[in-house]
Amino acid sequence: MSKILITSDAIAPSAVAMLSGYELVYTGKTPTPEDIVALCREHNPVAMVVRYGKITGAAMDAAPALRVISKHGSGTDNIDKAAAKERAIAVVAAIGANANAVAEHAFALLLACAKSIASVNARMHAGHWEKATHSSLELAGRTVGVVGLGAIGRRFARMAEGFGMRVIAFDPFAREVPSHVELVDLTALFEQSDVISLHCPLTEDNQHLLNAQTLKSCKRGVIVVNTARGGLIDEQALLDAVRQGHVRAAGLDSFAVEPMVAGHPFQTEPGFVLSPHVGSVTSDAYISMGEYAAKNALAVLAQEPLVA
């Protein structure tokens, strides 16, 4: 029986059932690139479903039968796509499967920053009642700049519009632009936004999209939200901007290095609301991503159209 390598300890039972014609091999939750290479060499899978770990050219070479790498999610930056292309191995992603989950998480981070939820909660648990000194922001009437109008960015934009916000966006590749969204260039987005929310993939061209120079061009008191990829932000520049009060607060779910190492300055700095890259981790998205990843892998193996 042909094998499929799952770079995780589990996927949704419904996805497992869909792959019943194959023997499934699991790497566990924290596979190293070397672990994945060794399992590829041992089992020679025809497909991979990727949740954790980095998929390198060495792993592909260790599995000469490999035809498809299917991401359990939308981001494929942990897969060497150039190496896959050289070896005629398809790389597919579960685009949109986690869109609702991530958009909701991004908006939760925005609300937490605007309403100072984390600090107020901590003070309440410490026994303080500071109503007289509390002040927060209302979102209605303010401008949110959305970078990336994919499935997640469009859902986030809809939520923002529902809160009465003006929504502007930058996405040179946008194919669907909702009527409540105004497309602008990046310069205008940085200058006009009270909130900037990142929803784009990480590429060579947008590494450190938010840096000392671009943050300086933003409004004083801007809120930054990132549920995309940590490499989009120069973390030292953001730390400096928060400390200087130029950025009011930052709600972050992704980081330059993951897992975040102990002692990272964000951990002790007021003005940061942090979560460990869990925007897509909901029971609903877990099922949806597993099913999409399974369907996409099976479609490539059967040479059928991918999941829409």
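The values are calculated or read from the model by the stated rules, or taken from the named source; none is laboratory data. Keep in mind the model is a prediction, meaning the values are calculated, not measured. Neighbour counts run over all protein chains shown; Cβ positions are idealised from the backbone, glycine included.
Some observations on this one:
- Subset of the range 164-183 (residues that are over 21 Å from the mean Cα position of the chain (by Cα) and buried (at least 17 other Cβ atoms within 10 Å of the Cβ)): Met165, Arg166, Val181
- Qualifying residue in the range 53-63 (condition: crowded, with 20+ Cβ neighbours inside 10 Å and either touching a Cys at 6+ places or on another chain (Cβ under 7 Å) or assigned by TED's automatic domain parsing to the domain that holds Val224 (or both)): yes
- Listed by first and then second residue, the pairs linking a residue in the range 82-105 that is assigned to a helix (DSSP H, G or I) to a residue that is surrounded by fewer than 19 Cβ atoms within 10 Å (Cβ to Cβ) and of a type in the set (Asp, Glu), with Cβ atoms under 8 Å apart and 6 or more places separating them unless they lie on different chains, are Asn100/Asp284; Ala101/Asp284.
- Scanning the range 186-201 for residues that are surrounded by 15 or more Cβ atoms within 10 Å (Cβ to Cβ) and among the aliphatic types (A, V, I, L, M) turns up Leu186, Leu189, Val195, Ile196, Leu198.
- Residues being touching a Ser or Thr at 6+ places or on another chain (Cβ under 6 Å) and among the charged types (D, E, K, R) - total across the range 163-190: 1
- Strands (runs of 3 or more DSSP E) enclosed by the range 148-255 - at least 2 residues per element that are assigned by TED's automatic domain parsing to the domain that holds Thr268, among the β-branched types (Val, Ile, Thr) and farther than 17 Å from Val273 by Cβ: 166-170
- Inter-residue pairs, beta-carbon under 7 Å, first under 25 Å from Asp205 (Cα atoms) and in the range 232-250, second modelled with pLDDT under 95 and not in a helix (DSSP H, G or I), 6+ apart: Leu232/Leu202
- If only residues of the range 77-119 that are among the β-branched types (Val, Ile, Thr) and closer than 30 Å to Glu269 by Cβ are counted, the one that is surrounded by the fewest Cβ atoms within 10 Å (Cβ to Cβ) is Ile117.
- Selection status of Asn100, out of contact with any Leu (no Cβ under 8 Å at 6 or more places or on another chain) and farther than 20 Å from Ala169 by Cα: no
- Residue satisfying all of: in the range 126-141; of a type outside the set (A, V, I, L, M) and in contact with a helix residue (DSSP H, G or I) (Cβ under 7 Å, 6 or more places away or on another chain); farthest from Ile223 (Cα to Cα) among these: Glu130
- Entirely in the range 1-73, the strands (runs of 3 or more DSSP E) that have 2 or more residues that are in contact with a Phe, Trp or Tyr (Cβ under 8 Å, 6 or more places away or on another chain): 3-7
- All conditions in (1) touching a Gly at 6+ places or on another chain (Cβ under 7 Å); (2) surrounded by fewer than 16 Cβ atoms within 10 Å (Cβ to Cβ) hold for Arg248, with the sole exception of (2).
- Condition broken by Ser70, with the remaining ones in (1) in contact with a strand residue (DSSP E or B) (Cβ under 7 Å, 6 or more places away or on another chain); (2) surrounded by fewer than 18 Cβ atoms within 10 Å (Cβ to Cβ); (3) not aliphatic (A, V, I, L, M) satisfied: (2)
- Members of the range 17-42 found to be at negative phi and of a type in the set (Gly, Ala, Ser), listed by number: Ala17, Ser20, Gly21, Ala38
- Looking across the range 17-73, the residues that are of a type in the set (Val, Ile, Thr) and in contact (Cβ under 8 Å) with a residue 24 or more places away in the chain come down to Thr27, Ile36, Val37, Val46, Val49, Val50, Ile55, Thr56, Val68.
- Applying the condition of being under 23 Å from Met289 (Cα atoms) and modelled with pLDDT of 95 or more to the range 29-38 and asking which residue is surrounded by the fewest Cβ atoms within 10 Å (Cβ to Cβ) yields Thr32.
- Scan the range 100-135 for residues that are over 15 Å from Gly251 (Cα atoms) and of a type outside the set (Phe, Trp, Tyr) and the total you get is 17.
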